[in-house]
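The values are calculated or read from the model by the stated rules, or taken from the named source; none is laboratory data. Values in this document were obtained by computation on a predicted structure and should not be read as measured data. Methodologically, a virtual Cβ is constructed for each residue, glycine included, from the backbone with ideal geometry; neighbour enumeration extends over all protein chains shown. Surface accessibility is based on the protein's heavy atoms, side chains included, excluding ligands, DNA and RNA. Shrake-Rupley method; radii C 1.70, N 1.55, O 1.52, S 1.80 Å.
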Amino acid sequence: MLKVLILLGSQSDLVITEKGQEILREFKIPYELRIASAHRSPALVEELLQNFEKQGGKVVICVAGMSAHLAGVVASQTNLPVLAVPVANAATAGLDALLSMSQMPAGIPVATMTLGKAGFTNGALFAIQIIGTNDKELTEELVRYRKTQATEVMASDNKNRVIFKG
Ligand code: RP5
């Protein structure tokens, strides 16, 4: 049974999703990734969302750039948690998308991550956290993931630390 639906506004958004998809696979989260645009293929967005809800899906992650209204449109059509990941573009470095996604007027929330790869990685982890609220084993796996991450950071500290005492 699918747990996460990932919607990309365009194929050009795909480049930021690699690491996050890797994480979803590592945690064995069933997910579907589709390219469905709020303005270019709105009927497909609606259809995918309805099917996902019907089969008991838990979290939707929307990835989009420029005016980036995909997450808001999706959130208006579902009570599932909607996470938004803005994508950078050459003209504005993605600040427009970041502000658009994070500026949902009161009433229809969207949880906006940061831009690009880091945002999608956090979106994947946040989706796992949401699913983990009902799954003790998954939460334990997340704890182990964080411990590994901390160990890696400490290893890099050991390798790179500098003390200059004048
Ligand atoms: C948005 O417009 C997409 O999410 C993408 O980030 C941006 C540009 O799309 P393309 O013109 O590259 O297809 O809909």
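Applying the selection to region 85-134, what residues are outside any loop (DSSP other than H, G, I, E, B), over 17 Å from residue 31 (Cα atoms) and not aliphatic (A, V, I, L, M)?
Correct list: 86, 96, 100, 102, 112, 116, 117, 119.
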Suppose we filter 123, 94 for residues that are more than 12 Å from residue 7 (Cβ to Cβ), within 15 Å of the ligand (Cβ to nearest atom), open to solvent by less than 10 Å² (accessible area, probe 1.4 Å) and not acidic (Asp, Glu); which single one remains? 94
Filter region 16-60 for residues that are free of Cβ contacts under 8 Å to residues at least 40 places away in the same chain and under 22 Å from residue 93 (Cα atoms); the one that is farthest from the chain's Cα centre (by Cα) is 39
